[in-house]
Each structure stands twice: as structure tokens, then as C-alpha cells.
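See structure below.
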Amino acid sequence: MCKCRNVTLKSPRNSPKMKRRLATVREEPGSSKTICNSDLAIYTMVISTAVLSYVNSLNGDFVHDDIPAIVTNGDVVGSNSLKQLFLDDFWGTPMADPNSHKSYRPLTTLSFRLNYALAGLRPWWWHTCNVFLHAACCALVARTCVTIARLQRPFAALAALLFAIHPVHTEAVAGVVGRADVLACIFFLSSLLVYHRPTSNKKCIWLSIGLGALSMLAKETGVTILLLNLTIDFYRCWPLVKRSICSLKIEKKCTGLSIRATKVLLSLSLLVCLRLALLQGTWPTFSAQDNPAAFHHSFVVRLMTFCYLAAFNWWLLLCPWSLSHDWQMGSVPLITSGWDPRNFVTCAAFGALLLLCYRCIADLEVQRHTPAVIGLLLLVVPFVPATNLLVTVGFVIAERVLYIPSVGSVIITAYGVQLMWYSKPGSKVFLVVGLAVLAAGGVARTYRRNADWRDRATLLRADLVTLPQNAKLHYNFGNFLRETEQQDNAIKHYKEALRLWPTYASAHNNIGTLVGADNAEHHFLQAIKYNRHHVNAHYNLGKLYKKSGRTTPAISMLERCIALQPRFVQAHVELLTLTPEAEKQRILSRLVKLEPNNWEHYVLYGNWLRTKGLPVAAAKFFIEASRLSFRSRNFEKPIRGDLISIRSTALMYRSLGQKSRTLQLMTRWHTWRRGWPSAAAAHMYLREWRLKMELEGRVQIYSRAVNPTKSTTCFDHSQLSAGATATSEDKSVKVEKEKLKNEAKMISDKQNSESEKIVIINSSPCGRKACAVKKRNLSISTQIKTTHNKSEIGHKKKCTMHRKEKNVKNNEIPNIVPPLTEHILMNTF
């Protein structure tokens, strides 16, 4: 295979230019040990600087996009299967869903899931992982500057340091979701280094392609590395290619280039086809508020605005002062006139870019300015997907997408310093001072920007100072104020968002949840007017109609809500209370299918079946609800869910006459709620507790107070001792006692473990007859009150010293089930 990527063309001895070129590339063969030591020093310095620059970001919380992408994402927290992770987009929505964002980044989501498995949702560990990934990326940048860009080592270290402290990287490093860009950059640079190794072979080419595919799976822009590798390869082999073109004969040394190009192009085509197939036939849907310029009707306006946005992104790399996590809506006004002053900025930026391109084209044959060429390619090629030239993107400006292009920017800057260092020796002092000021300013700005990412409120307040004309920031800050019970201030920011963007449907919806009924209906209707597919506005309007007694329009709105989003569970629950009895089974079946792990839906279904006279079918759903409530072994959670499911199951068992199962269910629940650390301790407690419940006719249990229970039987003081009891019993009472004991034993053998036991007490002064008292020792929460019934086999009179109690039959127990999930008006975030 051709090694033309590392070939050095021989030139005449009288060519001073070629001598200078070779002098800048040649390495000293005898100084390998020194080079190794200098590389180690460079990597250590760069990694240390990167970690120290972002050390104050470790105390940050989950903010902005971290919430939907991590905290509430079932693919991350483990509620979805590992297989589902590879079928969903970055936000946890199935790729086949029309509402999907279509951002397929399973490698990043997999790293989030691993992070969650190791550290849970403790933000400190997530930020630590991001910082170390950034440090590794900085080391790869230093290696790329030396081996690919051919910068001298001191200036390669300078480029890596500028990359490590660049303030524009705070969104990608301080924001946990920015890990997608950091991971993509790691595989991006690794593919670049493997492809252009001095001893490259066939395996290196395929390894480079595989790393490029991993970069694409971390973030979509990573696929551009294949195109970049091929472009750099063509640049280095240009002298041989030109010679073949001039001689009209393909030289043998160019065969390697053609083979590599074929492999790379075929792999690129395959990866692009696979990525398009993952779209499932639909493109991501964006609105005018996400990218206003992309939806403008005038092509000239779109062109001028997109060109200015590209120039502005380059300006952020040169002067990262105005930083924000959200540049949507009115952050950058559209350029509608050719006399707009911002067009001069665009002309200046593209003029500088054309000069760089001219320099690179003129250098194709001599190849004296390799760092400039590599830097320009790294600056432009990875940024192409974000320019709206190929596809429409869902943002105006995003600082995180500048993470990879910034590598090219720092290479160009370091190469400019290298040229000035050798061309103007007298300016070295000024260069050192200028670089020191630049580095100090970068560290200070990065450190301060990391503090803005500490929490949601701090980030929103800081960005509102930078972009007060951004309606999206006012809207998000209004959401924060609403959650913190600052309703009046929230309404003010919602109204400001509507002033800046009158067609903001989500702002209309959220302000409708805070005002009175009349104004709320107006805002919900306005939200539907500006966005016919606004699910929450339809849901909130349906709830409003239901509350005011307008059943027909409420049903219409809820059905429209379900048509827009079939998996909207809250809408199904609200519709369940409005539909006739004949149609409720269909909705209940749908609820169980949508959320098979939600015990509340099974309780609802069981209650409906019980009202229809189907106790056996209802019992199955109650048992499933109990099983689901016991699935997560969390002893600190509220017991409300356990009580509802357990009580419903126990009542159904009792109505079916299965009292032994009722006792077993109560016993297991009582043991489980105790939260014993080991199974053996739980088993011992279970046996002890059941033994206390099954013992009968032993007054010593009451005297010891091991398991005190409220008794309805009167005791004489003389009866508290066993001896006194034995001497005071007459023969008739003994005979009756033995007879009743035998009957109780027969019933106990028949029903295994019966929950209602017969306690026979000697005659008391109040009646001189034995009282048959039914004792119920249910160790449930005090929320469920126990009742005392008459004995099943005894028909003795009740002691007159106590109050008369009601006899509650099994079928007369009221079915008191606390209300399930309370549904409030839905906010849009």
C-alpha cells in the first residue's frame, strides 16, 4: 500500500524554501528520550490545567436539558430495558414516534446509564466524569497538534492549554448533557490519530472508521471525521496526485490513496444511510421559535441571517464573552436588510476565511503551512452540519456544537504565535505577556461561567442579563418562579415572554394555569390557536370544562388530547370519570397497558370489577396491585400506596370467605413494613407475631403486656393470677369451657390459620357468666380502624360495664379508598 501520506519530496539543493520546510518537520533521531519526557510534561500540564479550570463545576446540580435527558429519562434511570435504549432517541422517546427529536446518541445514553448504576443521581459524580473526559480530550488535542498539525511542541502545548481553558466549552463540560460533544470529540480525535499514523496499515483504516462510527453514535456531527480524514489524506498526497494528472498515468504509489478513499467513502455512505433509516421515515419537527431564520419565507433573509450566525459563532471562539445556554427566539434578530451593520461583520469573517483558503490552496504543492491547513479543516468541516446548509437544526446558536471546531481555532492561533515568534524575535516579550493575559482571562471567565451553571435559578438569572430580549429565557424563569410559589413574578415573566413573542403557545398555556377561570380559558384557547398540536393546552382546557360542569366539551378536548398523544395517561384518567359505565372497561384496559407497573390503575380496574359483581376477577387485579406496591423495597416511602392496595385485597379476600389468606396477607405486610435487615430476622419476627395472635385462653399474655390489645371483657383482680382462677371456677363453668374449647379447635383445624380467635374468660362480677369475645389484632396503620364483632360460635351476653359496640358485618364494611393520583393543570416546560 502506498505510504504517500508520509512521503517527502526531494528537491534541488539550491531550493531554500524546501530546506526550511524540511527543517520544521524533521525530528532529531538522538533525542527520543528528551521528546518522551517533554510529551509527558505537556500532557501532565494540560490535564492539570483542564481539571483545575473546571473544579468549581463539580458542585453543580442537574440544570436545563439535564432534567429531561437524565433525571426523567427511563433509559438512564433503568426503568426501560437495555434494548429499548437502542430504540429511543437521546431524550427517551422512541425513534418511531413522530414527536421524537430524532437525535440518536445511544453511546452517550449508555454512559449516562453506567453513571447512574455507579453513583445514582448524585450530581457530583456526573460532573466529575465530565471533567475527566474533558481532560482526556485536551491530551488528545495536544497529541493532534504535534503529529497531525505538525506544530512544534511548545506551541502544541499552547494550543492544548487554550483549548483546556476556553470559556465556550463550559456548556459542554459544566452541563452534564454536554457529554455528548465531549465523547464525540474523543472518538473524533482518536480516529484522526489512528488514520494518520506513520506506520498505517489496513487494520488502522478500519479501526479509524470504527472510531468514526462511535463518534457518530455519541453525537451525529462525529461522522464528519471520515470526510476530514479523506481530505487531509488527499492534501498530503497532492504532489503525487498532481504528477499522475500531468503525466496522464496513475502511479503505483497513488493506488493506496484510491483504496483508502474507496473504503472511507463506502463506509461514510453506509453510515449516512443507516442514520437516515433510524429516522423511521419522518424528519424532526421544529418550530419557528426554535430556529426563526429557517422558517422565514424570504431566501435572501435566510441566507444573510445564516451567514451572520456562522460569523457570530467564529466570533464566540475568538471572544467568548457573551455566553448563554439558550439562544432561541429573539436572541439574534433576523437580518432583513442589506444595509444592516451586521452584514459588515459577516463580510469581514468570510474575507478572513477566504484568505485562509487561498493560503491553503497555494500551499498544496509546497506544503509549508500544514498547521494552517489542518486548523482550517478542523474549524470548518465539523461545523458544516450546524450551518443549516444540509438540514434544518433546532437551534440558533449552540455553544456546545463549537467544542470540536474550537480545536481548529486554537491550532490556527498557536500557529500564528509560532510564526510571530520566529519571524519577529524582538516581539517575544510582548507575545509572552499577551499570552499570559489571554490565559488568565480565559481561566477567570471559565471559572465564573462554571459558577453560573451551579443551579437552575443562577443560570437563568445570569443569561437574562446577557440576553434580556430572549423570550424563551423569560418563559423558563417564569416556570422556575411558579415552582417556587412566586406566582405574581411568574405571571410578569410570562407576560414579558408574550410581549417579546406574541405567538408563544406554551407561555399562554402556563399563564392560564395561574389566573382565574375566565382568563384561563382565553389563554388556553390562544395556545391552541397558535399551536393546534399543543397537548397540554387541550388537557388543561378539558379539565377546566369538567370543573365548570361542561361535560361534552370536556370530553371533546380530552379525546383530542389523546388523539394528539395516545400515551397521555392523565387524559385517560380524567376521561374515565366522564364516560358511561359501558365504556370504562376500554379505558381501564388502556391504562393498564400504558403503565403496567402502576398499582393505581389495577386498583381502579379492581374497584370497577367489584361494582359489576365480579369478585374473583377483581381479586386478581387487587393482588397484582399489592405485588407492584411491594416490588420496590423502600421502607422510607409513604405507606399510602401499600394501605390502599393491601386493604382492597384483604376486603376482597374476606368477602370471598378466604380468611386464612387475609391473615397471611396482613402478616406479610406487617413484617415487610418493619424493614428487617435480614431474612432470618424477619422470619423469626413473623413466627413470634403469629404465635401471639394464635394463642388463646391464656391470661398470662395480657399480664406480661407483650402484645397489649384492647379487650371488651371485664376482669376481676382475682382472675389475673392462674391460681385464683383455678380455685374460683365451678364445675359447670369448667364443662362449658371445655366444650367451647373443643369447638374452637375444630374450627381452627378446618380453616388452618384463622384470624379471629375465641378467648374464654371466667365469669365476672357483672354477669357471672363466661363471655365469648372475638379478639382482632390487626397490626396495620391506625388509618384503618378495627371493629369488634361477636363470636362466631358463642352467644353469651356482653359485659355491661363497657359501652355497647356495633356489629359490623363483612358486607357492611364501607369501601373507603383514598383518592388516587391528583391531577393538576399541566405545565409545558
Next item on the list: Being assigned to a loop (DSSP other than H, G, I, E, B) and of a type in the set (Ser, Thr, Tyr) is the filter; apply it to the stretch 362-414 and report the residue that is nearest to LEU161 (Cα to Cα).
Entry: TYR403
Checklist line | Every pair of residues 6+ apart whose Cβ atoms lie under 7 Å, when the first sits in the stretch 125-152 and is under 25 Å from LEU376 (Cβ atoms) while the second is in a loop (DSSP other than H, G, I, E, B) | finding: HIS134/TYR54; CYS145/LEU151; ILE148/HIS196
Check: Do we find that GLY338 is surrounded by 16 or more Cβ atoms within 10 Å (Cβ to Cβ) and among the small types (Gly, Ala, Ser) in this structure?
Finding: no
Note to self: Return the residues of the stretch 487-521 that are surrounded by 22 or more Cβ atoms within 10 Å (Cβ to Cβ) and among the aliphatic types (A, V, I, L, M); say none if nothing qualifies.
What the structure shows: ALA490, ALA497, ALA505, ALA507, ILE511
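Yes/no matrix, rows are residues, columns are (1) at pLDDT below 85; (2) closer than 25 Å to ALA172 by Cα; (3) in a loop (DSSP other than H, G, I, E, B):
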position	(1), (2), (3)
SER11	yes, no, yes
LYS19	yes, no, no
ALA23	yes, no, no
SER31	yes, no, no
ILE35	yes, no, no
PHE62	no, yes, yes
PRO68	no, yes, no
SER79	yes, no, yes
Next item on the list: Could you pull out the residue among SER298, SER337, SER287 that is within 29 Å of the chain's Cα centre (by Cα) and within 25 Å of LEU500 (Cβ to Cβ)?
Entry: SER287
Check: For the stretch 133-173, how many residues meet the condition of being outside any helix (DSSP H, G or I) and under 34 Å from the mean Cα position of the chain (by Cα)?
Finding: 2
Margin query: Given the options PHE430, PHE395, name the one that is over 18 Å from CYS137 (Cα atoms), in contact with an Asp or Glu (Cβ under 9 Å, 6 or more places away or on another chain), open to solvent by 20 Å² or more (accessible area, probe 1.4 Å) and at pLDDT below 95.
Written below: PHE395
Next item on the list: Assess whether VAL401 counts as being open to solvent by 20 Å² or more (accessible area, probe 1.4 Å) and at pLDDT below 95.
Entry: yes
Check: What are the residues in the stretch 524-533 that are at pLDDT 90 or above and surrounded by fewer than 24 Cβ atoms within 10 Å (Cβ to Cβ), if any?
Finding: LEU525, GLN526, ILE528, LYS529, TYR530
Check: Failed condition for ARG113, given (1) basic (Lys, Arg); (2) part of a helix (DSSP H, G or I); (3) over 14 Å from the mean Cα position of the chain (by Cα), with all others met?
Finding: (3)
Next item on the list: Give the number of residues within the stretch 607-666 that are among the small types (Gly, Ala, Ser), at pLDDT below 70 and in contact with a helix residue (DSSP H, G or I) (Cβ under 9 Å, 6 or more places away or on another chain).
Entry: 1
Next item on the list: Would you check which residues across the stretch 265-288 are surrounded by fewer than 15 Cβ atoms within 10 Å (Cβ to Cβ) and assigned to a helix (DSSP H, G or I) and list them?
Entry: LEU265, LEU266, SER269, LEU270, VAL272, CYS273, LEU274, LEU276, ALA277
Check: Is there any pair with a first residue in the stretch 323-339 that is closer than 18 Å to PHE286 by Cα and a second that is charged (D, E, K, R) and assigned to a loop (DSSP other than H, G, I, E, B) whose Cβ atoms are under 7 Å apart and which are 6 or more apart or on different chains, and what are they?
Finding: GLN328/ASP290
Check: For residues in the stretch 41-51 being of a type in the set (A, V, I, L, M) and either touching a residue at least 12 places away in the same chain (Cβ under 8 Å) or not in a helix (DSSP H, G or I) (or both), which is farthest from LEU133 (Cα to Cα)?
Finding: ILE42
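The values are calculated or read from the model by the stated rules, or taken from the named source; none is laboratory data. Predicted model only: the values in this text are computed from it and were never measured. Positions of Cβ are generated from backbone atoms using ideal geometry, with glycine treated the same way; all protein chains shown enter the neighbour counts. Just so you know, the surface numbers come from the protein's heavy atoms only, side chains and all, with ligands and any DNA or RNA stripped out. Shrake-Rupley method; radii C 1.70, N 1.55, O 1.52, S 1.80 Å.
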